[in-house]
Amino acid sequence: MVLTVKDFAKTLKIKDDALLERMKAAGLSHSKASDEITPADKLAILKSLKERKNSGASSVTSSSNSGGVTVKSKGTLSQPASSVPSSSEGFTDNIEAKRQAAAENLKEQQQKREDQIKEAIRLKQEQQQAAKKSHHQKSAPQQKPQPRINVKDQLSRAAKDYSRRETSFNEGTEHQFAKPVEFIKRDIEVPEMIQVGELAKLMFIKGGEVVKVLMSMGVAASINDSIDQETGILVAEELGHNGIALSDSSVEDEIIGNINYTDTPKTRAPVITVMGHVDHGKTTLLDFIRKTKVVDGEAGGITQHIGAYQVPVGDSVITFIDTPGHAAFSSMRARGANTTDVVILVVAANDGVMPQTEEAINHAKAAGVSIVVAINKMDLQDADVERIKGDLATKDLTPEDWGGNIQMVPVSALKGDGVDKLLEAIVLESELLELKAHYEGQAQGVVIESELDKFRGAVATLLIQNGTLKVGDMVVCGSAVGKVKSIIGSDGNKLKSAEPSFAVEILGLSNVPDAGETFQVVKNDKEAREIAEFRESKLKDRKVLKQRDESLGNIFESMGQSDKKVLNVILKSDVAGTSEAIVAALADIGNDDASIKVVSSGVGGISESDANLALATDSIILGFNVRSDNAAKKIVEGEELILSYHSIIYELIDEVKARLSGLLDPIVKEEIVGTAEVLEVFNSPKFGQVAGCMVIEGSIFKSKPVRVLRDDVVIHQGELDSLRRFKDDVGEVKSGTECGVGIKNYKDIQPGDKVEVFDRKEEAQSIS
């Protein structure tokens, strides 16, 4: 595969002309977008970038250079790795563009709403004037008070409740709103969740009309129930209006206030995510780079959480994110890919491309990030680099030495061989991306992980993407708010502030935020409370809608499946990311006969309320890296509840599968043990109709059930009345032997029929 200037420009997310100018400055002769780029050309571009940087570009320096890893550049014995340039197309600019677009969209929506109000008032006034002219009163009529319009602020109403997203009219002494002569098609802005009654008010119709439409769509909802955005848009269009999806993010942005960074973006450290199949050596590789031993502390030798660490590499600092490889942690790997700049895909040289490897590739491609492949375990005898390259090439990852654009570096994480070359490849990829961020202003970013610590309270691991986070800042993380009491770096030291690309722990939040939530520093407590209440209201509406859908689903599901087994589960874990992963894994367990229902899940120890809930819902309690308190223990022991602790996720899943399998009824299987062919039929005064048979297969047993087959079709099923060998009653007749057979309550047997003897066996079902 030939790498052209156009392809390389797409990878760097810049225009072809800009790349050609850089290449010309580097002394290369490329002039067209179709010209080929070789690995040597890449190195020439890198050298040119380094010269530009050394002449005046700023660099990101490490807060601590002790214990760093020195990167050896090609052609030198020990040259420090250059700092990582930034990109004018970094995620900061993307965020700014999205915020500006959201603000413009909100202004347009507000203008449309005002136009709707003005049109309704105009129609009302015209109708009132027409009514006055028709009466022909001699005396001057008393002037009726005009309807007063009470237009509440849309944003504040959205922050409190979706029900306030309306424009209401106080009609004074008027008790009815006169129906317009002609239908007016309106633009109906539908939020993510909206009550049926509020949707009706937006369309100026009665709530019953909306309920009728919903019933015709198969949705059972009353006027006070909430519906989702998609359903609301369909209802609006069914009634002739134009449904518009109203993004809650635009409302949030307006409540919080758009952050306008005025400083010039500066170079930031790259964020590197290590991904791959379980036990391919991701954490071991990262440990060698960090010079620590984290893998020994993970239960079962696998990473259970997302870990984020800063590592000094030469003159730069690189943020590494280690993701779990187990199949249950798919959502955590997706989160890692969406918050990173470069993905290190670790593939074992003795194993090859595995299911989680393919999944990691898909996550990286979906996120649009660069990929560097580390072919690990080169110290093993059965390591085969070329086979691994071939397997990856089938997944559209073509190595550079095969004409592609993917750097693949053979390494041994255990011995450290090739790690320097891998770091060099990472620096090359990150420098070509030119990563930048704003350092001044309110911090914002994403929650990598969160947990409830027994002594410290709610703890959240944040990846800062823009701005500088300081102690004392007011932070909003989902529905969690709080003032930052302490900032802790990856080395365990307390910090006064943290800049972009830093991964830090913070203390002081009101509750544990969900992993993957965005965080933002706001100006004051008022803004924090408003956005928290808005998000809490939105979350509550979603829960209500989910419960209603589940209830309806259970009703329809139970029709004809009243005997379906359900295992109720209450889950408590140490961190939010792990809880999310386990819930997702439990949802995939089950079949048409049995399923898992997660009654409750959360972060922290098992409490008395959890035990009472398990007692009320007949649930088992699962604790992952947590324990129960004394009050919960008493209830569990007294009521003989099922409580199990786990520290390895696949052991927890195996236990749930075993318990769910135990609820299933055994499978009854039939096994044919013998077949006899009827030769003659005799009438006996003592036994009635007797069939003279020849056993042609297996054995005939008197104690086992039989079937009579005619032309291979079952015509009777019952049991034997008699089985004789000559004049003797016998219990078994083997193959190749003649016998006399009498069938209980059956007198229609004929020569040529077959008597089939079978046995029933029960087998326990298992959930795979």
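The values are calculated or read from the model by the stated rules, or taken from the named source; none is laboratory data. Keep in mind that what you see is a predicted model, and the values were worked out from it rather than measured. All Cβ positions, even for glycine, are placed from backbone atoms using ideal geometry, and neighbour counts span all protein chains on display.
Sort through GLY208, GLY218 and tell me the only one that's farther than 12 Å from LEU239 by Cβ and either touching a Ser or Thr at 6+ places or on another chain (Cβ under 6 Å) or part of a helix (DSSP H, G or I) (or both). First the steps, then the outcome.
Numbers: GLY218 fails: either touching a Ser or Thr at 6+ places or on another chain (Cβ under 6 Å) or part of a helix (DSSP H, G or I) (or both).
Answer to the selection: GLY208.
Checking the structure you have, find out if any residue of region 615-626 is of a type in the set (Val, Ile, Thr), modelled with pLDDT of 90 or more and farther than 28 Å from LEU462 by Cβ. First the steps, then the outcome.
Within region 615-626, the subset of a type in the set (Val, Ile, Thr) is 617, 620-621, 626.
Next cut, modelled with pLDDT of 90 or more only: 620-621.
After this cut, where a residue has to be farther than 28 Å from LEU462 by Cβ as well, the list is 620-621.
Yes, there is a match, as at least one residue in region 615-626 is of a type in the set (Val, Ile, Thr), modelled with pLDDT of 90 or more and farther than 28 Å from LEU462 by Cβ.
Take region 496-534 and flag every residue that is among the β-branched types (Val, Ile, Thr) and assigned to a loop (DSSP other than H, G, I, E, B). Spell out the reasoning first.
Of all residues in region 496-534, those among the β-branched types (Val, Ile, Thr) come to 504, 506, 512, 518, 521-522, 531.
If the condition is that a residue be among the β-branched types (Val, Ile, Thr) and assigned to a loop (DSSP other than H, G, I, E, B), then VAL512 is the only one that fits.
Run down GLU639, GLU671 and say which single residue is farther than 24 Å from GLN750 by Cβ, of a type outside the set (Val, Ile, Thr) and in the same structural domain as ASP728 (by TED's automatic domain parsing). Give the steps one after another, and end with the answer.
Numbers: GLU639 fails: in the same structural domain as ASP728 (by TED's automatic domain parsing).
Answer to the check: GLU671.
Name the residue, out of VAL598, VAL668, that is at pLDDT below 85 and of a type in the set (A, V, I, L, M).
Details: VAL598 fails: at pLDDT below 85.
Just a single option satisfies the conditions, and that option is VAL668.
When THR340 is evaluated against the numbered criteria (1) modelled with pLDDT of 60 or more; (2) in a loop (DSSP other than H, G, I, E, B); (3) within 15 Å of the chain's Cα centre (by Cα), which criterion, by number, is the only one it fails?
Failing condition for THR340: (3).
Table: residues versus (1) buried (at least 22 other Cβ atoms within 10 Å of the Cβ); (2) closer than 18 Å to LEU286 by Cβ; (3) without any contact (Cβ under 8 Å) to a residue 40 or more places away in the chain; (4) in the same structural domain as ALA40 (by TED's automatic domain parsing).
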| residue | (1), (2), (3), (4) |
| --- | --- |
| VAL373 | yes, yes, yes, no |
| ASN376 | yes, yes, no, no |
| GLN381 | no, no, yes, no |
| ARG387 | no, no, yes, no |
| GLY390 | no, no, yes, no |
| ASP396 | no, no, yes, no |
| ASN405 | no, no, no, no |
| MET408 | yes, no, yes, no |
| VAL411 | yes, yes, no, no |
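Looking only at region 447-474, which residues are modelled with pLDDT of 85 or more and within 17 Å of ALA269 (Cβ to Cβ)?
THR461, LEU462, LEU463, ILE464, GLN465, ASN466, GLY467, THR468, LEU469
So ALA349 fits all but one of (1) crowded, with 22+ Cβ neighbours inside 10 Å; (2) more than 32 Å from the chain's Cα centre (by Cα); what number is the exception?
(2)
Which numbered condition in (1) under 24 Å from the mean Cα position of the chain (by Cα); (2) within 14 Å of ILE653 (Cα to Cα) is the only one that SER601 fails?
(2)
Would region 327-337 turn up any residue that is at pLDDT 75 or above, among the charged types (D, E, K, R) and closer than 23 Å to SER370 by Cβ?
Taking every residue of region 327-337 in turn, none turns out to be at pLDDT 75 or above, among the charged types (D, E, K, R) and closer than 23 Å to SER370 by Cβ.
Just give me the residues in region 643-657 being touching a residue at least 24 places away in the same chain (Cβ under 8 Å), surrounded by fewer than 16 Cβ atoms within 10 Å (Cβ to Cβ) and more than 24 Å from the chain's Cα centre (by Cα), in sequence order.
SER644, the sole residue that qualifies.
Look at region 446-468 and say how many of its residues are at positive phi and crowded, with 20+ Cβ neighbours inside 10 Å.
Our first condition is that a residue be at positive phi; within region 446-468, this holds for 457, 467.
Filter once more, keeping what is crowded, with 20+ Cβ neighbours inside 10 Å: 467.
So the count comes out to 1.
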